[in-house]
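Notes follow once the structure below has been shown.
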């Protein structure tokens, strides 16, 4: 995806925390999202954060937003094998009709 | 289950052909978005409709067109298909400006 960058791959042991990072470039983005895609499946909305927030927690998921550095992260606590998937971050650009611009996705592999 | 349905799940066709992909949004959602996911381009926004009217256009080829009907379902028409059009096509619907819920996708294979 244009202008939204993610690392390609993350390997983590079951029970550890995973941290997936994302950088974006459009400072006018109002919402930032994390989606999960399992093999052969669609995109599942995991969580999202409004740009005036620094942090959002939802059960095992914690989103941190550093607006100054245009950096977004997703922390998954107590990672399980079912968390193995591709994770996409996305930004919503109001000036572009609210379309979502996605990063290239981070493949997370959870090892037992 | 997001509540967004897409048909068909898989589609195999030949170059030069035309296909129609269908999307039913979540009940009450007025906005429908179409995205293409391919290995080389990643996830790309194609087009958005809101209550029957085109609202925004992205990287949609002239060979592609879409519409949203009065019952709010949407169709994406792909014509003069090329090998490079092989991809996953997703529809998403939105109740407002903040969230988009994605359907399971249609996998198009052009031979």
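Just so it is clear, none of the values below were taken in a lab; they were calculated from the coordinates. All of these numbers come straight from a predicted model, not from anything done at the bench. Cβ sites come from the backbone with ideal geometry, for glycine too, and all protein chains shown count toward neighbours.
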In nm, to one decimal, how far is the modelled label at residue A:57 from the one at residue A:41, with both set 7 Å along Cα→Cβ?
2.5
Rounded to the nearest Å, what's the spacing between the alpha carbon centres of region B:1-62 and region A:1-66? Just the number, please.
23
How crowded by other chains is B:17-27, given as the mean number of beta carbons from other chains within 10 Å of each beta carbon?
0
Averaged over peptide B:38-44, how many Cβ atoms belonging to another chain are found within 10 Å of each residue's Cβ?
4
Can you tell me the relative contact order of chain B? Whole percent, Cα pairs under 8 Å, sequence separation 6 or more.
37
Using the Kirkwood formula on alpha carbons, the hydrodynamic radius of chain B in angstrom works out to 13.8
